[in-house]
Amino acid sequence: MTQPQNDTNQLPDELIENLIRSLEHTEDKECTCDEVYAVVDQYAEAEFRGEDVQRLMPLIKQHMELCHNCCEEYEALLDILEKNDPA
Amino acid sequence: MNARTNESWLEDLRTTGPVRDAALDDLHAIVSKGLPYALSRWLSPDDPLFTPLVEEVSQETLLRVLDQLDTFEGRSMFTTWVHKIAIRIALTELRRKRWQDSSLDELVDNEENPAPERLMADPQAGPETSTERADMLTRIRRILDEELTEKQRQALVLLGLQDLPMEEAARIMKTNRNALYKLLHDARLRLKRRLAAEDLNAQEVLSAFESR
Ligand SMILES: [Zn+2]
């Protein structure tokens, strides 16, 4: 299998734009996907209870802004909490 | 089904015999009731794959829960922790299914293949492209050339251009999702620092991009 040519000239404008946009959310210290996974149940419950997750778990919130896959998993978990709720 | 506390879930699942079997049955019911709520964004409940997937994932979840029981720290309800495990299994499977039809070789080798045409537009081409935008793009492309490693570029192409899920991109790059996130974080940090060193910030760059 030959390696893809990854010359930056091939990076389309839109990708570059998205990359630059993601810099606005970029912090020196960020959680990794594993760190998010470890607490996403706690995070989803806090959100479900209407707590201020941005203040309580800012690093997790920040990761969700940047990581589409973790965000999907979190939203799926929130779906279950909300739709399972008999109220 | 009577509601268990976190402690009684752990206790029942750690014992043997009918008590454990009953707890596993209850857990299976909870997972297979919850999972469809999470999957409906991905797959229609009418899809023939839906019910078998729920069953397959529920079974796999129980095995993983038993295997990882000692790692439960009690920071959430036990059932929320179990749903989290079920979602990771289900979405990993669905994301893989979504990609298994596309030939891996083609995906990696044919750089033109998956990119929609509008993404491949030449920055210099359109008459509507302003000089400011073109100059900024050229400058940023040079910075990317200088700052990004080969691996970081590959990750950006796989995730950003070919829109692969993290796990799939990680598999192609012979790494894992967590390491891939770190690789991209390093790339973003490098770029952010380089822009700062050049007295630029993301906002300025973006507004130059927007001037058409
Ligand atoms: Zn993540």
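Only the coordinates and a few stated rules stand behind these numbers; no lab work does. Given the structure is predicted, the values throughout are model-derived calculations rather than measurements. Cβ: placed from backbone, ideal geometry, glycine included. Neighbour counts: every protein chain shown.
Sort B:77-89, A:49-61, A:16-28 by the packing proxy (mean of other Cβ within 10 Å over each peptide's residues), most packed first. Each step should come with its number before you reach the end.
Details: B:77-89: 22.8, A:49-61: 13.4, A:16-28: 16.7.
The peptides rank, most packed first, as B:77-89, A:16-28, A:49-61.
Rounded, prolate or oblate: pick one for chain A, where a ≥ b ≥ c are the square roots of the eigenvalues of its C-alpha gyration tensor, a/c under 1.5 means rounded, and failing that, prolate if a/b is larger than b/c, else oblate.
Judged from the Cα gyration tensor, chain A comes out prolate (a/c at least 1.5, a/b above b/c).
Using the per-residue mean of other Cβ atoms lying within 10 Å as a proxy for protection, in what order, highest first, do the peptides B:170-177, B:42-49, B:153-160 fall?
Peptide ranking by packing, descending: B:153-160, B:170-177, B:42-49.
Please state the charge dipole magnitude for segment B:6-106, taken about the Cα centre, from unit charges on C-beta atoms (+1 on K and R, -1 on D and E), reported in debye and rounded to the nearest 20.
340 debye
To the nearest 20 debye, what is the magnitude of the charge dipole of segment B:157-198 about its Cα centre, counting +1 on the Cβ of each Lys and Arg and -1 on the Cβ of each Asp and Glu?
The calculation lands at about 240 debye.
Taking 7 Å along the Cα-to-C-beta vector as the label spot, tell me the B:E56-A:E65 distance in nanometres, rounded to one decimal.
Using points 7 Å along Cα→Cβ, the separation is 3.8 nm.
Provide a whole-number value for the mean count of partner chain Cβ atoms within 10 Å of the Cβ atoms in peptide A:32-44. Could the numbers behind the result be given before it?
Values: counts 7, 10, 6, 2, 2, 5, 4, 4, 6, 14, 8, 3, 5.
Taking the mean over all residues of the peptide, I get 6.
Can you compute the FRET efficiency between A:E27 and B:K97 using 1/(1 + (r/R0)^6), with r the Cβ-Cβ distance and R0 = 35 Å? Round to the nearest 0.05.
FRET efficiency, A:E27 to B:K97: 0.55.
At a Cα cut-off below 22 Å, give the lysines reachable from B:K33, other chains included and same-chain residues fewer than 8 away excluded.
A:K83, B:K84
Translational D (Stokes-Einstein, µm²/s) of the protein assembly as shown at 20 °C and 1.002 mPa s when Rh comes from the Kirkwood sum over C-alpha pairs?
For these conditions, the coefficient is 100 µm²/s.
If I histogram all Cα-Cα distances within segment B:122-210 using bins 10 Å wide from 0, what percent of pairs lands in each bin?
16, 39, 32, 13, 1
Averaged over its residues, how many other protein chain Cβ atoms are within 10 Å of peptide B:92-99's Cβ atoms?
Taking the mean over all residues of the peptide, I get 1.
Once you have the Cα-Cα distance between B:E198 and B:S8, take 0.36 nm times their residue separation minus that, and quote the gain in nm to one decimal.
Stretched fully, the B:E198-B:S8 segment lengthens by 62.5 nm.
Hey, how many Å between the Cα centroid of segment B:7-83 and the Cα centroid of segment B:146-212?
Segment B:7-83 and segment B:146-212 have Cα centres separated by 36 Å.
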